[in-house]
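Everything below concerns the one structure shown next.
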Amino acid sequence: MGENADDLILGIDLGGTKILTAVTDSQGNMLSREHSITPASKGRETVIQSILDSAHSALKQAGIAISEIFAIGIGAPGISNPETGILFTSPNLPGWQDVPLRDIIQSRLGKKAFLINDANAAALGEFYFGAARGARNFIYITLSTGIGGGIVIDGKIYSGAIGAAGEVGHMTIDDNGPICNCGNRGCWETLASGTALAREARQQIKEGVRTSILEYAEGDIEKVTAQVIHSAAEQGDSLAKELIARTGYYVGVGLANLINIFNPELIVIGGGLSNIGDMLLKPAFKTAGERAYKEAFQAVRFASAELGRNSGVLGAAAFGFREMRKSLRK
Ligand SMILES: [Zn+2]
């Protein structure tokens, strides 16, 4: 493992709240793994410096010099073009507009780098090393504070005309629904994410609905999260159970759309909210089954993501490895 310098990749998973950096080999074995906080509110240069610091410590931890690295793969949130390496915009990184992130990292670290959307990176991680191994046509979704996605068609990530494909969280589910971070109304993630679940619970609590949810949030309505609601539901709180089932229903509406459009053989579901499990996913699958074409629904298999928080960093590394290989063949 890792004796061949052509085999070592530096993977970077830049998120709105955390930066994960790892030195891996092409088989997805991690030689080191660095975790730090994204200082998103401190602006772009501070974040970039944090990425570089994180990269240097991952290299140091693995005992590897940057010269021994084959390539760098970066997964970043928001809309980015893998061809140009430009991050157009990112709701999670305030002030980032048209940032040539790939070239910045490349020149500051002195090694060829490749940029991909974070959810697409996670999809690739699951494709190469996780729940989607062997699948040719699948969709990865991450149910978290928002909803991200990656679409793999014929074994390749589908990135669209400018790299913006796979933004499944922003398909419109309710044209009059809640306002989304993207500016639209009623996007899937405004109805089926952890943020949506918490927002609904707060609303019901404010309206005086009887529930024990607040007891699990130290009596502080601001501390009501999806996790807190899940705890209350597990103890039998009926509002909590109802809200999770309703969120599951909306998860299912979106799944039905994806199934009808893409006819995937597999949908891999990851993200913190999906850890709720059956209470959320049973109503989701039921709704998807009721709404999607019967034949397409029967053809799809659902699986939980296997790589947890490492899917993005491993996928970014695998992307960097393959793109580098491709560029050398040209
Ligand atoms: Zn949206």
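A straight line joining the Cα centroids of the range 176-217 and the range 92-158 runs 28 Å. Three principal axis extents describe the C-alpha atoms of the chain; from largest down they are 61, 46, 35 Å. Shown here: the range 242-286, whose C-alpha atoms stretch 29, 17, 13 Å along the first, second and third principal axes, sorted largest to smallest.
Got a sec? What order do ASP175, ASP220 fall in by accessible area at 1.4 Å, biggest, i.e. largest, first? All intermediate terms of the calculation are to be shown ahead of the outcome.
Values: ASP175 115, ASP220 55 Å².
Order by accessible area, largest first: ASP175, ASP220.
Seen from THR172, the other residues with C-beta closer than 14 Å to its C-beta sum to a net charge of -3, counting Lys and Arg as +1 and Asp and Glu as -1. Can you give me the % of accessible surface on the chain that is carbon or sulfur? Probe 1.4 Å, all protein chains present, nothing else counted. Here carbon and sulfur together make up 46 percent of the probe-accessible area.
Rounded to the nearest 20 Debye, what is the dipole magnitude of the range 207-330 about its Cα centre when Lys and Arg each give +1 and Asp and Glu each give -1 at the C-beta? Walk me through the intermediate numbers first.
Details: 15 positive and 14 negative charges, 203 e Å.
The dipole magnitude comes to about 980 debye.
Between GLU207 and ASN263, what is 0.36 nm times their sequence separation minus the Cα-Cα distance? Round to one decimal in nm. Please report the intermediate quantities before stating the final value.
Details: separation 56, 0.36 × 56 = 20.16 nm, distance 4.13 nm.
Result for the pair: 16.0 nm of gain on full extension.
Surface analysis of the range 1-134 yields an accessible area of 39 Å² per residue, using protein heavy atoms and a 1.4 Å probe. Averaging over all projection directions, the Cα-based convex hull of the range 192-330 occupies 10.8 nm² in the image plane.
So what is the accessible area of the range 254-330 per residue, in Å², with the probe set to 1.4 Å? Numbers along the way, then the final one.
On the way: 3930 Å² over 77 residues.
For the range 254-330, the solvent-accessible area averages 51 Å² per residue.
Pairs of Lys residues in the range 226-330 are counted when their Cα atoms are under 18 angstrom apart and they lie 8 or more places apart or on different chains; the count is 4.
Using a 1.4 angstrom probe on the protein heavy atoms only, could you order TYR158, TYR128 from most to least accessible area? Don't skip to the answer; put the middle values down first.
Values: TYR158 105, TYR128 65 Å².
Ranked from most to least accessible, the order is TYR158, TYR128.
Among the trypsin sites (Lys or Arg not before Pro) within the range 198-233, those in coil by DSSP and having at most 11 neighbouring Cβ atoms inside 10 Å are ARG210.
Relative contact order of the chain: 20 percent, from C-alpha pairs under 8 Å at least 6 residues apart in sequence.
Taking the longest Cα principal axis of the chain as reference, the axis of helix 238-262 is set at about 50 degrees.
Given +1 on the Cβ of Lys and Arg, -1 on the Cβ of Asp and Glu, and no further charges, what dipole in debye does the chain carry about its Cα centre, rounded to the nearest 20? Don't skip to the answer; put the middle values down first.
Details: 31 positive and 34 negative charges, 94 e Å.
Using Cβ point charges on Lys, Arg, Asp and Glu, the chain gives about 460 debye.
Applying the criteria of a DSSP loop state and at most 12 other Cβ atoms within 10 Å to the GluC sites (Glu not before Pro) of the range 1-110 yields GLU3, GLU83. The long axis of helix 278-291 is offset from the longest Cα principal axis of the chain by roughly 80 degrees. Taking the Cα atoms only, what angle lies between the long axis of helix 194-206 and the longest principal axis of the chain, rounded to 10 degrees? Helix 194-206 and the main axis of the chain meet at about 30 degrees.
The sum of -39500 (n - 2.57) across all DSSP H runs of n ≥ 4, divided by the residue count of the chain, sets its helix-only mean residue ellipticity at 222 nm to -12500 deg cm²/dmol. Here's the picture: charge each Lys and Arg Cβ at +1 and each Asp and Glu Cβ at -1 in the chain, and of GLN49, TYR140, ALA113 the one pushed furthest to the positive end of that dipole is ALA113.
What length, rounded to one decimal in nm, is gained on full extension from ILE162 through to ASP103, with 0.36 nm per residue of separation minus their alpha-carbon distance? Each step should come with its number before you reach the end.
On the way: separation 59, 0.36 × 59 = 21.24 nm, distance 1.74 nm.
Between ILE162 and ASP103, full extension yields 19.5 nm more.
The values are calculated or read from the model by the stated rules, or taken from the named source; none is laboratory data. A quick note: this is a predicted structure, and the numbers were derived from the prediction, not measured. For neighbour counting, all protein chains shown are included, and Cβ atoms are generated from backbone atoms with ideal geometry for every residue, glycine included. Protein only, heavy atoms only, side chains kept; ligands, DNA and RNA dropped before computing areas. Shrake-Rupley method; radii C 1.70, N 1.55, O 1.52, S 1.80 Å.
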